[in-house]
Each structure stands twice: as C-alpha cells, then as structure tokens.
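Single-structure report; data block below.
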Amino acid sequence: MLANKIKIGVIKIYLDSENKEFNQSDFAKQSFREDNFSGFNFNNCSFKAAHLEEIKTEKTIFIECDFSGARLNASQHINSTFLNCNFSGASFFSAIFKECRLIGADLINTDLTAFKILGGDWSYVNFSHSELNNFNFSDVKLIESDFYAAQLKKTKFKNANLSRAKLTTANLTGADLREANLSEVDFTGVNFKNVKIDLFQAGIIMESMGAILDY
C-alpha cells in the first residue's frame with residue numbers, strides 16, 4: 001500500500017496522504033501493485049522497470065517521468081496527466097485511460113495489447129511502428145501525433161482530432177476515419193484499402209497528395 005516505506009538509496013519516504021508532491025524521486029524497480037494514486041504530483045521522477053500492475057490513478061500529474069520498461073498491466077487512470085513521459089518498452093496490457101492527457105508521450109516498443117483510451121488528449125504522442133489494429137481512437141485528441149509505419153487496420157477514429165498528425169506509411173486498411181479532423185495530415189505512403197471516409201475528407205486527402213480540386 002502507499003503507506004508502506006519505499007527505500008530509495010538510504011532515504012526512506014512515505015507515500016501517504018500528507019505527502020503528495022515528489023520531485024526527482026527514484027522509484028525504479030519498485031512495486032506499487034494495486035496502489036491508488038489520487039491527487040499526487042510527480043515531477044521528473046523515475047518509475048523505470050517499476051511494477052505498476054493494477055494501480056489506479058485519479059487527477060494525478062506526472063511531468064517528464066520515466067516509465068521505460070515499467071509494467072502498467074490492467075492499470076486504470078481517470079483524469080490524470082502524463083506530460084512528456086517516456087513509456088518506451090513499457091507494458092500497457094489491458095490498461096484503461098479515461099479522459100487523461102498523455103501529451104508528448106513516447107510509446108516506442110510499448111505493449112499496447114487490449115488497452116483502451118476513452119477520450120482525452122494524446123497529442124504529440126509517438127505511436128510509430130505500434131500495433132493498433134482494431135483500436136478505438138473515437139473522440140480522442142491526437143494533434144501532431146506520430147503514427148509512422150503503425151498498423152491501424154480496422155481502427156476507428158470517429159470524431160478524433162488528427163490535425164497535423166503523421167500517418168506516413170501507416171497501414172489503414174479498413175480503418176474508419178469518418179468525422180475525424182484530417183487537416184494537414186501527412187498521408188505519404190498510406191495504404192487506403194477499404195478505408196471509410198466522407199466526401200469532405202476525400203477532398204482533404206486528395207489535396208494532401210498534390211491534387212488540384214475544381215470545386
């Protein structure tokens with residue numbers, strides 16, 4: 001539990017209700033299984049290779065924290081913020097993020113199997129080379145996010161904001177882009193087989209590829 005002592009070098013701190021502000025703290029390889037983080041603030045802290053399975057966060061803020069190699073399997077996050085955090089090599093298996101902000105997150109080589117995003121702001125996130133087939137990005141803000149070479153077969157983007165996103169060489173076979181904001185999206189080398197779009201989006205895509213449309 002959070003009241004337990006966490007040893008950091010020779011320093012022991014308490015993660016209790018009286019202390020919810022942590023700066024440059026090292027929690028690498030520590031275990032927080034099933035703990036609840038409500039209203040905490042972590043700035044430039046390390047959770048590298050930490051065990052965070054089944055944790056719950058609510059209205060908690062992580063700024064420039066390192067979660068590389070961490071295990072967040074089956075974790076739940078509600079209205080929490082992860083700003084410029086590194087999740088490379090981490091595991092999000094079956095994790096749920098509801099109305100969270102993961103702005104600028106690095107998800108390179110992250111296990112995204114069966115995880116869910118319910119709304120929120122995932123702008124400037126690096127999803128490149130990710131396996132996101134059949135994923136649901138409906139109602140998610142994805143401004144300038146990087147989906148370079150990502151697998152997005154049958155993925156839903158209904159009412160998502162993809163403005164200025166990078167979809168270069170992504171596989172969008174069977175994806176649903178209807179009602180999404182596609183302004184200034186980079187579609188270079190994209191596989192559009194069976195992609196669902198509306199007429200307005202068709203014009204945007206053609207123009208992005210250099211076509212001159214005569215309205």
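Remarks
- For the chain, size of Cβ-based charge dipole, Lys and Arg +1, Asp and Glu -1, in debye: 500 debye
- Pairwise FRET efficiency - His129 versus Asn19, Cβ, R0 = 45 Å, nearest 0.05: 0.70
- Beta bridges per DSSP with both ends in the chain, % antiparallel, nearest 5: 10 percent
- Per-residue SASA remark: Val185, around 10 Å² accessible (1.4 Å probe; ligands, DNA and RNA not included).
- Helical content of the chain, expressed as a calculated mean residue ellipticity at 222 nm, amounts to -1500 deg cm²/dmol (DSSP H runs of 4 or more residues, -39,500 (n - 2.57) each, divided by residue number, nearest 500).
- Placing dummy labels 7 Å off each Cα toward the beta-carbon, the span from Ala114 to Ser31 is 2.2 nm.
- Percentage, to the nearest whole number, of Cα pairs in the chain over 23 Å apart: 46 percent
- Packing, taken as the mean count of other beta carbons within 10 Å per residue, orders the peptides 74-80, 58-64, 141-147 from highest to lowest as 141-147, 74-80, 58-64.
- Reachable aspartates and glutamates from Lys153, criterion Cα separation under 19 angstrom, eight or more residues apart if same chain: Asp111, Glu131, Asp139, Asp176, Glu179, Asp186, Asp198
- Taking every protein chain into account, the accessible area of the chain amounts to 51 square angstrom per residue (probe 1.4 Å).
- Exceeding the 19 Å Cα-Cα cut-off - candidates Lys59/Lys158; Lys20/Lys59; Lys116/Lys158: Lys59/Lys158
- Length-normalised contact order for region 38-81 - Cα pairs under 8 Å, 6+ apart - percent: 46 percent
- C-alpha long axis of helix 199-208 to longest principal axis of the chain, angle in °: 90 degrees
The values are calculated or read from the model by the stated rules, or taken from the named source; none is laboratory data. Note that the structure is a prediction, hence the values are computed from the model and not measured. Glycine also receives a Cβ, built like all others from the backbone with ideal geometry; neighbour counts cover every protein chain displayed. Surface accessibility is based on the protein's heavy atoms, side chains included, excluding ligands, DNA and RNA. Shrake-Rupley method; radii C 1.70, N 1.55, O 1.52, S 1.80 Å.
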